[in-house]
Amino acid sequence: MSIKIKRLHPDAVIPKYAHADDSSFDLVAVEDVIVMPGETALVKTGLAFEIPAGYELQVRPRSGITLKTKLRVQLRTVDAGYRGEIDVIVDNIAEDPFGNVVSYLSHIDGNDYRADGEIYPNETYIIRKGDRIAQGVIAPVAKMEFEEVDELSDTDRSNKGFGSTGVN
């Protein structure tokens, strides 16, 4: 299957799969974005997709960024009818309760970069142009019909939700 992609920014990177068996492709930032503690930022990819009817594009976090930083890419669904730019929503969940300030920016690769004389709260991150910030998955969408009923069938689990199976 072929997906049509429109480059909206001259530096946008057309996605590709890194390995033959990969289910996702990387989404790359087209500009530098600074994300301070407690802030939410929109990271532009410079790309618009023509997703075929019956499919969706899922924007997902990259596991290394989630493990190594306080940045959290928010899961996003892009429906087949959307033709705008694919942006990535990024939260910085760091908290700096002591108000420490630093003259460097943390990067998603684990390195620190000088802030060119600027002062930022500790754990302020910079996403650089060209960084692989998220991943995308094209997935089929199952359509259902919804039927209102007075009762649902019973199961062993019933309405036991979060933590119902324990941790051991």
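The numbers here are math on the coordinates, done by the rules we state, and not lab data. For clarity, every value in this text was computed on a predicted model and none was experimentally measured. Methodologically, a virtual Cβ is constructed for each residue, glycine included, from the backbone with ideal geometry; neighbour enumeration extends over all protein chains shown.
In table form, for the structure just shown:
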read-out: DSSP-assigned coil residues among chymotrypsin sites (Phe, Trp or Tyr not before Pro) in segment 71-106, each with at most 13 further Cβ atoms within 10 Å; value: Phe98
read-out: Rounded to the nearest 20 debye, dipole of segment 98-163 from Cβ charges on Lys, Arg, Asp, Glu; value: 580
read-out: Given charges at beta-carbon only (K, R positive; D, E negative), |dipole| of segment 4-140 in Debye; value: 440
read-out: Ascending count of other beta-carbon atoms within 10 Å, so fewest first, for Glu151, Glu56; value: Glu151, Glu56
read-out: Cβ-based exposure ranking for Lys6, Lys143, in which fewest neighbours within 10 Å come first; value: Lys143, Lys6
read-out: Out-of-range pairs (alpha-carbon distance over 32 Å; input Lys4/Lys143; Lys4/Lys160; Lys44/Lys143; Lys70/Lys143); value: Lys4/Lys160; Lys70/Lys143
read-out: Residue exposure sequence - Ser153, Ser103, Ser158 - by fewest surrounding Cβ within 10 Å; value: Ser153, Ser158, Ser103
